[in-house]
Every structure is written in structure tokens, then in C-alpha cells.
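Input: a single structure, listed below in C-alpha cells.
The values are calculated or read from the model by the stated rules, or taken from the named source; none is laboratory data. This one's a predicted model, so the numbers in the text were calculated from it and none came from an experiment. All Cβ positions, even for glycine, are placed from backbone atoms using ideal geometry, and neighbour counts span all protein chains on display. These accessible areas exclude ligands, DNA and RNA; they are computed on the full protein's heavy atoms, side chains included. Shrake-Rupley method; radii C 1.70, N 1.55, O 1.52, S 1.80 Å.
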Amino acid sequence: RIPACPLVRHRAIAALQAAVDQTPDGHPDKPARLSNLGNSLLGRFERLGDVTDINESIVEFKEAVGLTPDGFPDKPGWLSNLGNSLLGRFERLGDLGDINKSILVKEDAVQLTPDGHPNKPPAQSNLGSSILIRFERLGDVNDLDECIRHHKRALELTPDDHPNKPSYYYNLGNSVRARFE
């Protein structure tokens with residue numbers, strides 16, 4: 001696979017922005033287009049490190065979430081994406097408000113995803129990982145206990161033969177190790 005050059009990524013983002021701009025408010029595809037734009041901006045931030053991209057990513061995800069009613073099947077994914085962007089900005093800038101908001105929206109994603117849905121275990125695990133990051137920053141043992149609870153829940157919801165199960169065990173192991181230390 002050939003890595004995307006910044007010019008190609010810039011053109012892709014420009015095209016996605018045009019799609020968002022051309023989609024009228026109230027159109028059922030607008031939240032998905034906003035989310036796609038947010039993901040592309042997040043990807044460019046991860047590649048190039050421009051804080052403007054992560055800020056714009058957060059704006060796009062917030063708008064997608066805001067336009068989507070609870071119960072719509074894609075809303076938990078958009079909440080998770082927003083949480084990931086907030087986490088990325090926290091890791092870059094260190095603002096505790098970002099990690100706290102990241103955890104809150106990831107909690108919403110978990111709550112809106114029904115048990116039995118294939119996205120529930122990764123949502124639980126991602127939430128646990130964000131809480132572990134906050135624990136590492138602040139040292140609150142309550143965060144660590146909550147993190148472990150979410151990682152255990154991800155494992156409970158995952159069939160033994162699922163390819164992600166080893167990752168969930170790994171995440172749980174890291175959390176338990178942190179509590180031991």
C-alpha cells in the first residue's frame with residue numbers, strides 16, 4: 001500500500017468538505033458526511049500533527065452527533081469518533097477537559113449501543129482505555145477500578161473465537177498491572 005501524500009489527503013478533505021457544504025441541513029446523509037470529514041481530519045492530524053485539524057475534527061463530529069437522534073444506529077459510532085478526537089487533542093495539548101469530555105461521550109456511546117451489537121465490546125474497551133489514560137495522568141484509583149470494569153465487560157461480551165478477544169485481554173492485563181503497581 002502506498003502511503004497517501006499530504007496533497008492527496010488535502011484534496012480528499014476538500015472534496016469531503018464540499019460534500020458537507022452541498023448537503024442541505026436536514027438531509028439524512030449530512031451526519032455521515034460530517035463524520036467522514038471528521039475522520040479524515042483526525043487522520044491528517046495523526047499524520048501531520050496540525051492542531052487545527054484535530055480542532056476541526058471535533059467540530060465536525062459534534063455537529064454529526066448533534067444532528068443525530070438517540071436510537072439512530074450510527075450515533076454511537078459518531079460519539080466514539082468524537083471521543084477519539086478529544087482524546088487525541090488531550091494527548092497533544094494535555095487539557096484535562098478534553099479527556100473528561102472524551103470519557104463522557106464514550107460513556108454515551110456504550111449506553112446507546114445495545115448488548116449483543118458487535119460494536120459494544122470495542123466501545124467498552126475504548127472507554128476503558130480512555131479512563132486508564134486519565135488514571136495515568138491523575139492517579140485516581142477509582143478511575144483504575146472503572147477502567148478494569150469496562151475491560152472485563154468487553155471480554156464478557158466477546159465470543160471466545162473473536163479475533164479482538166486477545167486485544168481485550170491485553171487491555172485488561174495492562175489495567176490490572178497498573179493497579180498492582
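Listing for the model above:
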item: The chain - mean residue ellipticity at 222 nm from DSSP helices (-39,500 (n - 2.57) per run, n ≥ 4, rounded to 500); result: -26000 deg cm²/dmol
item: Value of relative contact order over region 123-177, rounded to a whole percent, pairs C-alpha under 8 Å and six or more apart; result: 38
item: Centre separation in Å (Cα based) which lies between region 133-155 and region 22-86; result: 26
item: Net lengthening on full extension, D115/A178 (0.36 nm per residue, minus Cα-Cα); result: 19.9 nm
item: Signed unit charges on C-beta, dipole axis of the chain, positive-most listed residue G66, N142, A14; result: A14
item: Members of K75/K165; K101/K152; K120/K165 lying beyond 21 Å, as alpha-carbon distances in this model show; result: K75/K165; K101/K152
item: Label assignment, Cα Rg over 2.2 N^0.38 Å derived from the structure, set (i) 1.08; (ii) 1.27; (iii) 1.37; result: (i)
item: Cβ-based charge dipole, the chain, positive-most Cα from S129, Y169, W78; result: Y169
item: Candidate residues H10, H150: accessible-area rank, largest first, probe 1.4 Å; result: H10, H150
